[in-house]
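The numbers here are math on the coordinates, done by the rules we state, and not lab data. Remember, it's a predicted structure, so these values are computed and weren't measured experimentally. Using ideal geometry, Cβ is built from the backbone for each residue, glycine included, and neighbour counts are taken over all protein chains shown.
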Amino acid sequence: MAQSPAYPSVLLFGGRVWKSIIPSLVSHGHTVFTPNLTDERTSFLPDHIEQILSIIEKIRQSKVILVAHSCGEMAITGIAARMPERFAQLLLDAATT
């Protein structure tokens, strides 16, 4: 799918919780990614941050939107701290503390 600079790519983290909104995002012109990260029982937060950074680099779009549910917020806030210039928005849903 072609990417439009007017509509940043959206990366959704948190599994099936996002399934119902993906069609709406696509219909509004966003390219949507729902990557599967390595199992949190066998990897650590820095591993997830590196995986997501790699995905963002592959997208090759100047701005992306990161959306996370629950524990995913720890990873995307870590990413935003490392490369804030790449984000159009950072959205946290049901963030844990």
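Annotation note: GluC sites (Glu not before Pro) in segment 3-97 located in DSSP loop regions with a Cβ neighbour count of at most 14 within 10 Å are GLU40. Other residues whose C-beta falls under 12 angstrom from the C-beta of THR34 contribute a net charge of +2, scoring Lys and Arg +1 and Asp and Glu -1. Stokes-Einstein diffusion of the chain at 4 °C, 1.567 mPa s viscosity, Kirkwood radius from Cα pairs, rounded to a whole number: 95 µm²/s. Trypsin sites (Lys or Arg not before Pro) within segment 6-97: which are DSSP loop residues with at most 11 other Cβ atoms inside 10 Å? Loop-located and lightly packed - LYS19, ARG41, ARG60. The angle separating the long axis of helix 45-59 from the principal Cα axis of greatest extent in the chain is about 20 degrees.
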